[in-house]
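Note sheet for the following structure.
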Amino acid sequence: MAVLLCFGLAAQNSKKKKKKPAPQPTAPVEIALPERCSDCFFAVKLQVDVPYGPTEPLQGPGYVNEVHRDAQTKNVFEQEHNSIWYTLDIPYDGKLLIDIKPKGATDDYDFLVYKYTDKYFCNRVEKNRVKPIRSVQSVSSSDVQGRTGLSLKGTMAHINKASDVAYGKYIDVKAGESYVIVVDNLTDGGLGHTISCEVWTDFAPLYIHPMDSLASQRTTADIYVKEIETGRTVIEKKDAGAVKIKLLPERSYNISLGKEGYFRFNRTISYQQALTKDSVLTARLVQIKPGSNIPLTGELYFDENEQGEIVLMKECYPAFDEIIKTLNEYPQINIDIIGRIATEGLNVRKDNEISKKRADAIMNYLVSQGISESRMRTRGSSIKELEAQLKDQQKLKNKIITPQCEIKIANKR
């Protein structure tokens, strides 16, 4: 056996180890351009903070060559070469920034920005009756790999071909305005590009991380964020990982994550909360399976009525909105409601009884909302659970722990 082992090692050492090739990065998938987007009337709609691209190569000026230079209109292309038109609606006040990143660093991209007027806008452009408010036609610069756009550091509204300045000056924009951008690649046979538009203003960044609560690891989800005051859709992504959004002053946001086989995650957060608390929201997604806790969105408070019964306070009702929706959506689910209570250990049996009454109070509320009592069981915190809670408090130097009541998916019964 020893001989075999030595032979095996000798044979292994006699061979040169082959280096594994380094994994090659996967190139982003090109976006197929919509039909006739080389013409103004068929412009592609952009969204603030959502990059568009990389596009497939631009080919030709379209059916109509809307842009052409004359004696009165000088800050435009001599003509379109390989163009695409974009529109952008401004959701809030700020400074409009644009970044155009070519796939090929040697491609020569120019662009114009117009303020949209009305349904006759494209006709007016063709007749040179509307002028661009920004034009960047500088020579492609290798220093920035051919990139161009509008930036906070830009100083010029119009940059001509004699310049090598890649970025023009930002545009002060107002909520409700719309802008039209025409991008032109002077390089025939060139590659596509990615365009990003940002409205720079004061904001609090929020990073949303979908997390599988059972596996305790990152996952993906359908992420939808809506601005409550305006109804504006901030982001809507399918099967997305971590995302970053901007929270604006005096605004609050509904954040919703969905994933097949998991309970929907819902949270409301404001600009002020993001400033004063952690700017990372870990969205813990819970699998719909026996033993899983159905997420409760909010704290629960209880009171005693005139009959001496423990009841759920009205302020807590919204915490059950998603649970009621889930139970209606999945009628096959039965639940166990477990009452929890803070304890000092003076009378754990009484604490057990009170926690059971809290569970009953939750069930009574759910019954009042149309959930069948036959689908629910209740219990309080057991003596063992309360004793374990006391031990945990001792480790925390007798700091009182206030556990949240739980609603678990029950095993089939």
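Scan the stretch 369-399 for residues that are basic (Lys, Arg), open to solvent by 60 Å² or more (accessible area, probe 1.4 Å) and either touching a residue at least 60 places away in the same chain (Cβ under 8 Å) or at negative phi (or both) and jot them down. Before you say what the answer is, go through the steps one by one.
Residues of the stretch 369-399 basic (Lys, Arg): 375, 377, 379, 384, 391, 395, 397, 399.
Those still in the list that are open to solvent by 60 Å² or more (accessible area, probe 1.4 Å) too: 377, 379, 384, 391, 395, 397, 399.
Residues satisfying the conditions are Arg377, Arg379, Lys384, Lys391, Lys395, Lys399.
Every residue, every condition in (1) over 19 Å from Thr187 (Cβ atoms); (2) in a loop (DSSP other than H, G, I, E, B); (3) in contact (Cβ under 8 Å) with a residue 60 or more places away in the chain; (4) touching a strand residue (DSSP E or B) at 6+ places or on another chain (Cβ under 6 Å), yes or no:
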{"residue": "Val29", "(1), (2), (3), (4)": "yes, yes, no, no"}
{"residue": "Glu66", "(1), (2), (3), (4)": "yes, yes, yes, no"}
{"residue": "Phe77", "(1), (2), (3), (4)": "no, yes, yes, yes"}
{"residue": "Trp85", "(1), (2), (3), (4)": "no, no, yes, yes"}
{"residue": "Pro91", "(1), (2), (3), (4)": "yes, yes, yes, no"}
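Taken over the stretch 248-264, the criterion of being open to solvent by less than 20 Å² (accessible area, probe 1.4 Å) and in contact with a helix residue (DSSP H, G or I) (Cβ under 9 Å, 6 or more places away or on another chain) is satisfied by Leu248, Tyr253, Phe263.
Matching residues to (1) under 15 Å from Tyr170 (Cβ atoms); (2) surrounded by fewer than 22 Cβ atoms within 10 Å (Cβ to Cβ); (3) touching a Phe, Trp or Tyr at 6+ places or on another chain (Cβ under 7 Å):
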position: His68; (1), (2), (3): no, yes, no
position: Gln72; (1), (2), (3): no, yes, no
position: Asn75; (1), (2), (3): no, yes, no
position: Ser83; (1), (2), (3): no, no, no
position: Leu88; (1), (2), (3): yes, no, yes
position: Pro91; (1), (2), (3): no, yes, no
position: Lys101; (1), (2), (3): no, yes, no
position: Gly104; (1), (2), (3): no, yes, no
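Taking the criterion of being outside any strand (DSSP E or B), in contact (Cβ under 8 Å) with a residue 60 or more places away in the chain and closer than 17 Å to Ile255 by Cβ, the residues of the stretch 207-224 that qualify are Ser213, Thr219.
Somewhere in the stretch 273-293, is a residue open to solvent by 40 Å² or more (accessible area, probe 1.4 Å), touching an Asp or Glu at 6+ places or on another chain (Cβ under 7 Å) and closer than 19 Å to Asn328 by Cβ? First the steps, then the outcome.
Applying the first criterion (open to solvent by 40 Å² or more (accessible area, probe 1.4 Å)) to the stretch 273-293 yields 273, 275-278, 280, 282, 284, 287-291, 293.
Remaining after also requiring touching an Asp or Glu at 6+ places or on another chain (Cβ under 7 Å): 293.
If we keep only those that are closer than 19 Å to Asn328 by Cβ as well, we get 293.
Yes, that holds for at least one residue.
Filtered by the rule that a residue be of a type in the set (Gly, Ala, Ser), open to solvent by less than 40 Å² (accessible area, probe 1.4 Å) and part of a loop (DSSP other than H, G, I, E, B), the stretch 175-201 gives Gly190, Gly192. If you go through the stretch 321-355 and pick out every residue that is within 18 Å of Arg379 (Cα to Cα) and of a type in the set (Asp, Glu), you end up with 3. Taken over the stretch 352-368, the criterion of being open to solvent by less than 50 Å² (accessible area, probe 1.4 Å) and either free of Cβ contacts under 8 Å to residues at least 12 places away in the same chain or within 17 Å of Phe320 (Cβ to Cβ) (or both) is satisfied by Ala359, Asp360, Ala361, Ile362, Met363, Tyr365, Leu366.
For Ala204, are the conditions met, namely being in contact (Cβ under 8 Å) with a residue 60 or more places away in the chain and under 18 Å from the mean Cα position of the chain (by Cα)?
On the way: in contact (Cβ under 8 Å) with a residue 60 or more places away in the chain: yes; under 18 Å from the mean Cα position of the chain (by Cα): yes.
Yes, satisfied.
Among the residues of the stretch 320-340, are any assigned to a strand (DSSP E or B) and closer than 19 Å to Asp212 by Cβ? Among the residues of the stretch 320-340, not one is assigned to a strand (DSSP E or B) and closer than 19 Å to Asp212 by Cβ, which makes the answer no. Only one entry of Thr402, Thr343 meets the criterion of being under 27 Å from Gly308 (Cβ atoms), open to solvent by 50 Å² or more (accessible area, probe 1.4 Å) and assigned to a loop (DSSP other than H, G, I, E, B), and that entry is Thr402.
Consider Leu296 carefully, then state whether it is aliphatic (A, V, I, L, M) and either in a loop (DSSP other than H, G, I, E, B) or open to solvent by 50 Å² or more (accessible area, probe 1.4 Å) (or both).
Numbers: aliphatic (A, V, I, L, M): yes; either in a loop (DSSP other than H, G, I, E, B) or open to solvent by 50 Å² or more (accessible area, probe 1.4 Å) (or both): yes.
Considered against the rule, which asks whether it is aliphatic (A, V, I, L, M) and either in a loop (DSSP other than H, G, I, E, B) or open to solvent by 50 Å² or more (accessible area, probe 1.4 Å) (or both), Leu296 comes out as yes.
The values are calculated or read from the model by the stated rules, or taken from the named source; none is laboratory data. Computed from a prediction, not measured in an experiment: that's the story for all the values here. Cβ coordinates were reconstructed from backbone atoms using ideal geometry, including for glycine residues, and neighbour counts include every protein chain displayed. Surface accessibility is based on the protein's heavy atoms, side chains included, excluding ligands, DNA and RNA. Shrake-Rupley method; radii C 1.70, N 1.55, O 1.52, S 1.80 Å.
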